Each structure stands twice: as C-alpha cells, then as structure tokens.
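Participant: Pasting a structure below so you can have a look.
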Amino acid sequence: MVYRLFCDLITFPDPRLAEEDGLLAIGGDLKTERLIAAYQRGIYPWYTENYPILWWCPDPRFVLFPEKIRVSQSLRKLVRRGRFAVTINRDFVGVIKSCAKVPRRGQEGTWITADMISAYTELHRLGYAVSVEAWEGTELAGGLYGVVIGRCFFGESMFAWEPNASKVAFVKFVELLQDLQFHVIDCQMKTEHLARFGGEFIPLEQFLAILDVGCKEPAPQWPECL
C-alpha cells in the first residue's frame, strides 16, 4: 500500500511498510522539517518534474561503510598527485546545479528539479546538507552533495566535468568521514560505480538501527579543504 501525505502534517508511515520496489508514500512537500524527518527514518524523495513527490525506502538498502571503502591503486595515485583541489561547502549551489545538468547514460532529463535545488539549498543553509567540490585551478571540475544528520551521510548525487574529478572528491571525503567516525553512507540505490568502492546491501532493519544511533550524535565541524 502506498500512503498519501498531506502538506499540513509532517508525518510518515513506518518505513517497513514500503512496497517491494521501495515506494512508501506520495505527496506532501519538500519543506525542511519534512525532509529531516524523512532522512532520519531512512526515507528519501525521488521523482520527476511535473509529477507528485514520491518517497522511497528500499529493503535491502545499499550503503557504504566509510572504513570499508575500496580504492584502486590507479585512483590512489591520482589522489596523491593532487591534480584536483578538494573543498567542502565552497559552492553548494554550483555542485547541485551541476549534478542536475550533467548528462547521464540512459537517462533523459533530471530528477533534481528546481524545487529540489531550492529545498536542499535551504538544508545546506541550516547545516543539514554538504557539498564537496573538486577544482582544477579556478574551475569546478566535479563534486558531490548529500544530507548530513548527526554522523550519518545520505548521498544524493555526483557529477564530473573532468574525468575522475568526482572520484577524487569522493575518496577524500570518505576518508574524512572515517576520521569523524561516521556510521554509514546511504547510497540509496545500487550503482556499479559505488559497488566498486565497496558498497553493499544490508537489511533495512540493520540500516534503521544504525540511523537510530548515528542521527542522534552531534554533527561535525567541516574543514574548508581536504
């Protein structure tokens, strides 16, 4: 059963009640309180423009534990070479707009709508969303963004205008998350790209138990550069 949400109530059904494909609810809005309430429960929005908001919570859940990241030798060498300078929260709007614009194989258009850009930019202003930028000189070459609640990171999207730029940003960011003792990186759905980094499926119950602990911990102070 797919549940219908109403804009005047910030409530979600039990995430364990999602359909087999992970769809849990439809409707509502992207106000800050609703988004925070969703992520704390392992729920995230994913939909296309001109359609109602869809809320998802797949079981099993694809995640990456920061301490388990796998990095190829060639990528390690590229990180050490320092071709890309990596920063945090220097250009959140530039990152999310680039994620919306970058062409993706097998995908027409984008799920990062104007409303989502506005909503996640507000989350960023309030400290609940973070961007990671890879720079080549003064040009934004790649990066990623996601939601942060406590010591849990919920990855949203990555982009690269230059080959490997987002990979370098991702590796350096995950190494920081290790140092900050983050519990989990929520990848939401499996991609081969994230699987190569060590992403794995875990049962929803395990994921929710991790969130119950990690989301209650204090959020970190982010450095400016990595």
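Participant: Label residue 115 and residue 31 with points 7 Å out from Cα along Cα→Cβ: what is the distance between them in nm?
Facilitator: For residue 115 paired with residue 31, the spin-label model returns 1.4 nm.
Participant: Next up: If you plug each phi of region 76-88 into the Karplus form 6.51 cos²θ - 1.76 cosθ + 1.60 with θ = phi - 60°, what whole-Hz ³J(HN,Hα) values come out, in order, with x for Gly and Pro?
Facilitator: 4, 4, 5, 4, 5, 5, x, 4, 10, 8, 10, 10, 10
Participant: With the other protein chains left in place, how much accessible area per residue, in square angstrom, belongs to the chain at a 1.4 angstrom probe?
Facilitator: Computed with neighbouring chains in place, this is 50 Å² per residue.
Participant: Across all directions of projection, what mean area in square nanometres is found for the Cα convex hull of region 10-92?
Facilitator: 8.6 nm²
Participant: What FRET efficiency, computed as 1/(1 + (r/R0)^6) with R0 = 25 Å and r the Cβ-Cβ distance, is obtained for residue 68 and residue 212, rounded to the nearest 0.05?
Facilitator: The value I calculate is 0.75.
Participant: Which number comes out as Rg/Rh for region 161-226 once both Rg and the Kirkwood Rh are worked out on C-alpha atoms?
Facilitator: 0.99
Participant: With a 1.4 Å probe and every protein chain kept in, tell me what percent of the accessible surface of the chain is carbon plus sulfur.
Facilitator: 50 percent
Participant: What residue among 121, 48, 113 shows peak mean-square fluctuation when the chain is described by a Gaussian network model with Cα springs under 10 Å?
Facilitator: 48
Participant: So how far apart, in nm, are the two label points at residue 83 and residue 139 if each is 7 Å from Cα heading toward Cβ?
Facilitator: 1.2 nm
Participant: Continuing with the same structure: Please give the net charge around residue 187, taking every other residue with its beta carbon less than 11 angstrom from that of residue 187, where Lys and Arg add +1 and Asp and Glu add -1.
Facilitator: Local charge sum for residue 187: -1.
Participant: I've got another one for you. Given 158, 120, 30, which one lies farthest toward the positive end of the charge dipole of the chain, if we put +1 on the Cβ of every Lys and Arg and -1 on the Cβ of every Asp and Glu?
Facilitator: Toward the positive end, the furthest listed residue is 158.
Participant: Kindly write out, for region 59-64 in residue order, the coupling ³J(HN,Hα) from the Karplus curve 6.51 cos²θ - 1.76 cosθ + 1.60 (θ = phi - 60°), rounded to whole Hz, with x marking Gly and Pro.
Facilitator: Per residue, the Karplus-derived 3J(HN,Hα) values read 9, x, 10, 8, 9, 10 Hz.
Participant: A further question follows. Looking at the chain as a GNM with Cα springs under 10 Å, which of 193, 183, 124 has the largest mean-square fluctuation?
Facilitator: 193
Participant: Moving to a separate point now. Take the Cα radius of gyration of the chain and divide it by 2.2 N^0.38 Å, with N its residue count; two decimals is plenty.
Facilitator: Numbers: Rg = 16.9 Å, N = 226, 2.2 N^0.38 = 17.3 Å.
Compared with the compact-globule rule of thumb, the chain sits at 0.98.
Participant: Here's something else I'd like to know. Would you mind calculating the gained length between residue 2 and residue 201 on full extension (0.36 nm times residue separation, minus the Cα-Cα distance), in nm to one decimal? Numbers along the way, then the final one.
Facilitator: Numbers: separation 199, 0.36 × 199 = 71.64 nm, distance 2.34 nm.
Net length gain for the segment: 69.3 nm.
Participant: Using the Karplus equation 6.51 cos²θ - 1.76 cosθ + 1.60 (θ = phi - 60°), what ³J(HN,Hα) coupling, rounded to whole Hz, does each residue of region 144-155 give in order, writing x for Gly and Pro?
Facilitator: 7, 8, x, 9, 10, 10, x, 10, 10, 10, 10, x
Participant: Moving to a separate point now. How much of the DSSP beta bridge set in the chain is antiparallel, as a percent to the nearest 5?
Facilitator: 85 percent
Participant: For the chain, what is the charge dipole size about the Cα centre, in debye to the nearest 20, if Lys and Arg each add +1 at the Cβ and Asp and Glu each add -1 at the Cβ?
Facilitator: It comes to approximately 820 debye.
Participant: Same structure, new question: Work out, step by step, the length gained on full extension between residue 162 and residue 14: first 0.36 nm times the residue separation, then minus their alpha carbon distance; give nm to one decimal. If you can, show how the numbers build up before the last one.
Facilitator: Values: separation 148, 0.36 × 148 = 53.28 nm, distance 4.13 nm.
My answer for the length gained is 49.1 nm.
The values are calculated or read from the model by the stated rules, or taken from the named source; none is laboratory data. Owing to the predicted nature of the structure, the values given are computational and were not obtained by experimental measurement. Using ideal geometry, Cβ is built from the backbone for each residue, glycine included, and neighbour counts are taken over all protein chains shown. Just so you know, the surface numbers come from the protein's heavy atoms only, side chains and all, with ligands and any DNA or RNA stripped out. Shrake-Rupley method; radii C 1.70, N 1.55, O 1.52, S 1.80 Å.
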